[in-house]
There are 2 protein chains.
Amino acid sequence: VKARGAHDGAGKTAPAPSSELERIARLARVFGEQKGDPSIVRAIGDDAAVLDPALRAAGGAEKIVWTIDAQVEGVHFRADLASWRDVGWRSFMAAASDLAAMGASPWCALSALVLPRSIDDGALDALSAGQAEAARVVGAPVIGGNLSRGGETSITTTLLGTCVRPLARIAERGDGIWIAGALGLAAAGLAALERKLDPSDDDVARAVLAWRTPCARIEDGLALAANEAVRGAIDVSDGLARDLAHIATASGLCALLDEAALRAHVEPPLSTLARTLGVSALDLALHGGEDYALIAAGAGEVDGFVRIGRFEEGEGVALEDASGARRPVDPRGFDHFR
Amino acid sequence: VKARGAHDGAGKTAPAPSSELERIARLARVFGEQKGDPSIVRAIGDDAAVLDPALRAAGGAEKIVWTIDAQVEGVHFRADLASWRDVGWRSFMAAASDLAAMGASPWCALSALVLPRSIDDGALDALSAGQAEAARVVGAPVIGGNLSRGGETSITTTLLGTCVRPLARIAERGDGIWIAGALGLAAAGLAALERKLDPSDDDVARAVLAWRTPCARIEDGLALAANEAVRGAIDVSDGLARDLAHIATASGLCALLDEAALRAHVEPPLSTLARTLGVSALDLALHGGEDYALIAAGAGEVDGFVRIGRFEEGEGVALEDASGARRPVDPRGFDHFR
């Protein structure tokens, strides 16, 4: 048997990574703690997972909600700015946030990992521990997946949830724009990390935490689905303007943001941080992604949410200031191919 | 607006790739042809797909089978040896094969693509057309997914299927080892491509086709699930010996292959090709992957399958020759981390 240790920069010999089967066994141990749901019939260790929808559905009226999301090294995360545990956590939460946006109750997940040689068993353990921790918080155990070699780390998470009333990306004229959760804070946190701002500063620490360990707003999504005044919803993954534009376009309406309400919602600590970073707090709030706030279109009050605008005739996204003057907002945000 | 055309090797300016939203719209057109299943409530264009299990289940007794598989450039395919259409097709079939191995009826799929800048719109169109074609053949439309930028192309496919009796990776002592489908042919095809063997040769052409456009054996899987004599099943993705070892290990038995029956099953054209390639046909049959043959453990006759051995006391995988002499088979095959 040949030694397969890889030499790292310091000249030490790194331990050989486990074989694929050994790694699957490691992952089964990390993810296997989460059991006890009778609707999960078979998990890791077969060609596929097996679920029983009849044991899941309360009366059989439930629909299944299904989403997939990928996080790629160098695009969604940099290993020098987050621990592998954080990378695992946030990749899971990014995927789970789509269930929140549908008003769904999380059921279970599969995780497909592409791992380069540089990911040793310790990094894999940390990554999967972060996924498992997020899965526990979300309430959707990882019950299977796939392992592959590759040139760059990527983590693809697919989740199933169930719901009675899935929330589409729709609104009607006159609906309020309601929000729960921070805006721009994760983007400020990433910028603070890149600029090496003092991590002991309270505002910096809070923003870095927002970027490293975001939380899918599952409970808020369930509350939206239970509220008959709520027409539609979306999560803010690419930036408020861009994600709001999806609802506006789908509904043939203009999403009109109340600038004062939006500014009030994001202060503090965004204004302080924005000053330190030399950027506009409003720009961060409009275009910063990865906070996974939830946006709802509601015909009435939406408990637990803050009203920051309304849907009107027109198109696109616009800001209205205190004088009633409006200016269009470019629905830019993160685009993977621009 | 800056021009974003990339220069290719010949000095021509390639057209700028479409934006993420434009690409999602392109994909929605390619995948949108497949409609008409009332259990698919909502597809591409929302935060998640929505399914209605009650409209899918025939009487509510059906279980859900869920799998995920990733194909990574340089690991599972080389863009110089297969067209993007083939890459799309085979990535879908590789994932669908796990449904076949569970005896499940395909329902629908999500596709997560990681694309480097080198994948222009034409390549994406071809890739997604290959996925859509395979999805049609399998009977599982692509109803959503994810698009991300990355340094290397990877295609992750997750599929849902339904079944009444999912087939695990199990056998009992005395069960026959039954097979449907080619062994080693895809591996021979890949070797033929790498060695630039004459593509007009019939055997070469057949092997190359086996590697480029494999088919998940969905009908065979459904027949297995309907046959009460069948105990368990697995698909051959990593090689017969390695995949058979999964059943042997899980069942605490030895998978004893009948060498004569195995040789008879793979001739022709494998023997001819093996001679041309200067490798052992038996080695190709035992260790070549990506043909997606189906293996069943059956207590009785398995219609449409060929018997190539039996499960006995012991462990691992072994070959028995005509004289009854046995030799162990190393369950090697493709390991992503060795």
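Summary of computed values
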read-out	value
Charge context of A:G103, other residues only, Cβ under 15 angstrom, K/R +1, D/E -1	-3
³J(HN,Hα) computed for each position of region A:300-316 - Karplus, 6.51 cos²θ - 1.76 cosθ + 1.60, integer Hz, glycine/proline x	x, 4, 10, 3, x, 10, 10, 7, 10, x, 8, 8, 10, 3, x, 8, x
Dipole magnitude (debye, nearest 20) for chain B, charges at Cβ of Lys, Arg, Asp, Glu	820
Exam field: A:G324 pseudo-label spacings to other copies (7 Å along Cα-Cβ), nanometres	10.2
Normalised contact order of region B:41-185, rounded percent, pairs of Cα under 8 Å and 6 or more residues apart	35
Inter-copy label distances at B:L81 (7 Å, Cα→Cβ; nm, one decimal)	3.7
Distance between region A:171-188 and region B:91-139 - C-alpha centres, whole angstrom	35
Using a 7 Å Cα-to-Cβ projection, A:E22 label spacings across copies, nm, ascending	4.9
With Cα atoms, 0 to 90° folded angle of helix B:20-32 axis to chain B main axis	50
Under 5 Å, built H, 5+ apart or other chain: amide partners of A:G74	A:A79
B:C108 long-range amide H proximity, modeled H, under 5 Å	B:L160
Estimated inter-spin distance, A:E228 and A:A205, nm [label 7 Å along Cα→Cβ]	4.7
Estimated buried accessible area (total), pair A and B, 1.4 Å, Å² to nearest 100	5900
For region B:152-160, 3J(HN,Hα) per residue [Karplus equation, 6.51 cos²θ - 1.76 cosθ + 1.60, θ = phi - 60°, Hz, x = Gly/Pro]	9, 6, 9, 10, 10, 10, 10, 10, 10
Charge dipole magnitude, Cβ of K and R +1, D and E -1 - region A:112-240, Cα centre, debye nearest 20	340
Estimated distance in nm for a label pair at B:V41 and B:R173, the labels positioned 7 Å out from Cα along Cα-to-Cβ	5.0
Residue among B:D98, B:D80, B:D283 with the largest mean-square fluctuation in a Gaussian network model of chain B, springs linking Cα atoms under 10 Å	B:D80
The protein assembly as shown: Lys pairs at Cα distance under 21 angstrom, eight or more positions apart or on different chains	5
Extension gain from B:D80 to B:E219, taking 0.36 nm per residue of separation minus the Cα-Cα distance	46.8 nm
The protein assembly as shown - accessible surface per residue (Å², probe 1.4 Å)	39
Gyration tensor verdict on region B:63-206 (Cα atoms; rounded if a/c is under 1.5, prolate if a/b is larger than b/c, oblate otherwise)	oblate
Gyration tensor verdict on region B:224-338 (Cα atoms; rounded if a/c is under 1.5, prolate if a/b is larger than b/c, oblate otherwise)	rounded
Net lengthening on full extension, B:R263/B:A322 (0.36 nm per residue, minus Cα-Cα)	20.1 nm
Amide H contacts of A:D120 (H built 1.01 Å from N, under 5 Å, at least 5 apart or other chain)	none
Chain A: angle of helix A:121-138 to the longest principal axis, Cα-based, in degrees nearest 10	40
Cα gyration tensor shape for the protein assembly as shown, rounded if a/c is under 1.5, else prolate or oblate	prolate
Karplus-derived 3J(HN,Hα), 6.51/-1.76/1.60, for each residue of region B:283-297, Hz, glycine and proline x	4, 4, 5, 7, 10, x, x, 6, 8, 6, 5, 10, 10, 10, 9
Charge dipole of the protein assembly as shown about the Cα centre (unit charges at C-beta), most positive-ward option of B:A171, B:G288, A:G221	B:G288
Cβ-placed point charges (K, R +1; D, E -1), dipole of the protein assembly as shown about Cα centre in debye, nearest 20	620
Selection from B:G181, A:V302, B:L319 lying farthest towards where the dipole of the protein assembly as shown points positive, charges on Cβ	B:L319
Carbon/sulfur fraction of accessible area - region B:150-254, other protein chains in place, 1.4 Å, %	50
Chain B - convex hull of the alpha-carbon atoms, volume per residue in Å³	149
DSSP bridge pairs, chain B: antiparallel proportion in percent, nearest 5	80
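The values are calculated or read from the model by the stated rules, or taken from the named source; none is laboratory data. This structure is a prediction, so every number in the text was calculated from the model and none was measured. In this analysis, Cβ positions are derived from the backbone assuming ideal geometry, glycine residues included, and neighbour counts consider all displayed protein chains. Only protein heavy atoms, including side chains, enter the accessible area calculation; ligands, DNA and RNA are left aside. Shrake-Rupley method; radii C 1.70, N 1.55, O 1.52, S 1.80 Å.
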